[in-house]
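Read the structure below first, then the notes.
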Amino acid sequence: GAGVSQSPRYKVAKRGQDVALRCDPISGHVSLFWYQQALGQGPEFLTYFQNEAQLDKSGLPSDRFFAERPEGSVSTLKIQRTQQEDSAVYLCASSLRLDNEQFFGPGTRLTVL
Amino acid sequence: RKEVEQDPGPFNVPEGATVAFNCTYSNSASQSFFWYRQDCRKEPKLLMSVYSSGNEDGRFTAQLNRASQYISLLIRDSKLSDSATYLCVVQRGNTPLVFGKGTRLSVIA
């Protein structure tokens with residue numbers, strides 16, 4: 001069976017551009033998480049969904065970051081007016097339920113010039 | 001202070017060596033504990049959960065000391081393929097995972 005997939009795998013943006021990162025979770029997984037991993041750091045929580053409901057967005061660094069999962073499956077993380085400090089790998093993970101093992105996608109490496 | 005602290009390394013060890021990583025966590029409400037492995041430019045993958053009684057999976061042994069808020073991972077008979085970053089992870093109830101920065105291991109032939 002397919003794992004978590006993310007697209008694009010790599011994204012280069014000019015400062016000020018908007019970007020959209022997509023996550024396809026494992027089919028049937030109710031919980032979906034977004035993490036940001038800067039170089040040399042561990043993943044840091046951004047936000048998570050239970051089906052289509054965004055239950056926690058406390059990790060989003062600013063109001064330029066927005067995530068949605070309108071049909072409870074695919075999720076999109078949008079970053080408006082990108083800044084250099086947004087450069088990182090954005091990881092998506094899904095789990096059957098919140099307290100089950102999280103399976104990570106390969107990530108999207110975002111570079112803001 | 002970060003919620004989960006790890007020595008970033010790198011730990012450079014010869015094949016066959018035994019190596020131990022330590023991790024401390026600051027939130028006493030943490031209830032679940034894990035070690036994840038992350039290869040270079042790859043996603044994290046669950047290596048093992050950590051239980052209060054300690055647990056072993058082949059060459060890997062994990063220990064938890066709740067009183068000291070300390071978690072360890074021991075790797076025996078290191079293989080070249082063990083080279084990776086090992087992430088210490090804690091969780092409070094049904095909340096998202098909190099990761100440490102990771103400890104880098106290089107096993108040398």
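The values are calculated or read from the model by the stated rules, or taken from the named source; none is laboratory data. None of the values given here were measured: they were computed from a predicted structure. Every residue, glycine as well, gets a Cβ built from its backbone with ideal geometry; the counts of neighbours run over all protein chains shown. Ligands, DNA and RNA are stripped out before the accessible areas are found, and what is left, the full protein with its side chains, is counted by its heavy atoms. Shrake-Rupley method; radii C 1.70, N 1.55, O 1.52, S 1.80 Å.
Where strands (runs of 3 or more DSSP E) sit wholly within the range B:42-109, those with at least 1 residues that are more than 14 Å from every other protein chain (Cβ to nearest Cβ) occupy B:55-57, B:60-65, B:70-75, B:103-108. Scanning the range A:56-66 for residues that are under 18 Å from B:T95 (Cβ atoms) and either within 12 Å of another protein chain (Cβ to nearest Cβ) or among the charged types (D, E, K, R) (or both) turns up A:D56, A:K57, A:S58, A:G59. Residues that are facing another protein chain (nearest Cβ under 8 Å), more than 14 Å from A:P43 (Cα to Cα) and open to solvent by less than 80 Å² (accessible area, probe 1.4 Å) within the range A:67-100 comprise just one, A:L98.
This table checks each residue for (1) open to solvent by 40 Å² or more (accessible area, probe 1.4 Å); (2) of a type in the set (D, E, K, R); (3) under 20 Å from A:C92 (Cα atoms).
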| site | (1), (2), (3) |
| --- | --- |
| B:N27 | yes, no, no |
| B:Q38 | no, no, yes |
| B:L47 | yes, no, yes |
| B:Y51 | yes, no, no |
| B:G58 | yes, no, no |
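Taking the criterion of being open to solvent by less than 40 Å² (accessible area, probe 1.4 Å) and in a loop (DSSP other than H, G, I, E, B), the only residue of the range A:1-15 that qualifies is A:V4.
Contact map, the range A:60-79: residues that are closer than 15 Å to A:S5 by Cα paired with residues that are among the aliphatic types (A, V, I, L, M) and open to solvent by 10 Å² or more (accessible area, probe 1.4 Å), Cβ distance under 8 Å, separation 6+ or inter-chain. Pairs shown: A:T76/A:A20; A:L77/A:A20.
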